[in-house]
Amino acid sequence: MSTLGWVDKGSLWVTSVEERSPRTVVLSDANYLSVFAGEKDHFAVVHHWDGGRLEISAHAYSNPQAVISRLSLREAISGFQSRVEILREGDLRVWDDLPGAFTGYVFGEYRLILTRHPGEEDVQTLSWFDDSYDKAYQGIVGVAEVPDSSLLIIAIQRDSHPILYDPESRKAVRKLNLADRGGNPAFQFRAAAHEFWTADYDAIVKLDGSTLEVKSIQTVQVAHQGTRQFIGNFCFNPRQDLCFIARPFSGDAVILDANSMTEISRIMLGRQPLDIAVLTDRKLVARDWKTGDFLFHKLEA
């Protein structure tokens, strides 16, 4: 399941081992969507408009078009942007199977939305995200939950220092250090080794899941001297011993050994692969950066 906002807008791109070709599932008239995996059969979608509206919907992979539950942000008092609450609809039990924190821009602020424990603190603004950031150039681009903790990692656009944040005290605990490449970090938790992985522009960074200190950095995309080129998205195989990284400027995917972070091989996909996934039938699927077109390669056994 994928969504490239400039191509898909409020739709999902869906494929599976049972389907001969991808299909499009229209969810809303949003400007773009963000998709987040949950447990069991569930996933969540954040619907982003132009700042005047924000919704999060819960779905099942087996029937992605149906909405199980919806959370809609609204101003508690019209015109008072600091007072925002969540209107909750549908079967709210599904949120126990989904991430507990999301981010989005609405009513003039970037906001943190906490979904599992309704109350006064379920929509928060981030006081540390102040004028020390270039807000015309930078925004909040995502959040990751730290296992066995209430802490969150909040990523900032074009910034290699995400914030470790405590939503209970509403304070920034500390800045984390990545590879100083000024990328747009998107964190994935590798449970098999209790690690966080993220891209930092042209590099992959591995962090200890407990200390959040950097364990290893691997530059994945090498460019001509004096220039840099970003990498695409990355994913793990089901055993989490291999990492597949899309490289839009090289037309391929790099495979790393997830333990040593050494390169094992490269797979030519053609075009400019940006989004990437490995299916259980050992098919590597990807999408072209500009068009969203379907790219694939059958992996050897």
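Worth pointing out:
- Residue range of the chain that is longest and free of chymotrypsin sites (Phe, Trp or Tyr not before Pro) which are both DSSP loop and sparsely packed (at most 11 other C-beta within 10 Å): 138-301
- Shape box of segment 226-301 [Cα atoms, principal axes, largest first, Å]: 32, 30, 16
- In a DSSP loop and with at most 10 other Cβ atoms within 10 Å, the GluC sites (Glu not before Pro) in segment 76-167 are Glu120.
- GNM result for the chain, Cα springs below 10 Å: residue of Ser132, Ser210, Ser160 fluctuating most strongly: Ser132
- Per residue, the average separation of C-alpha pairs within less than 8 Å and at least 6 apart gives the chain a relative contact order of 8 percent.
- Pairs from the table (Lys40/Lys135; Lys215/Lys298; Lys215/Lys290; Lys135/Lys171) lying more than 26 angstrom apart at Cα are Lys40/Lys135; Lys215/Lys298; Lys215/Lys290.
- Each part reduced to its alpha carbon centroid, segment 252-301 and segment 161-205 end up 23 Å apart.
- Model label zone, Arg239; criterion: amide N under 17 Å from point 7 Å along Cα-to-beta-carbon; scope segment 263-296: 263-265, 278-284
- Fluctuation leader among Arg271, Arg158, Arg228 - the chain, Gaussian network, Cα springs under 10 angstrom: Arg228
- Theoretical ellipticity at 222 nm over the chain - DSSP helices of four or more residues, -39500 (n - 2.57) apiece, nearest 500: 0 deg cm²/dmol
- Answer label, with Rg/Rh (Cα atoms, Kirkwood Rh) calculated from the coordinates and candidates [x] 0.98; [y] 1.02; [z] 0.95: [z]
Values quoted throughout were computed directly from the atomic coordinates according to the rules given, and no laboratory measurement underlies them. Small disclaimer: the values here were computed from a predicted structure and weren't measured. Here the Cβ is made from the backbone with ideal geometry for all residues, glycine too, and neighbour counts use every protein chain on show.
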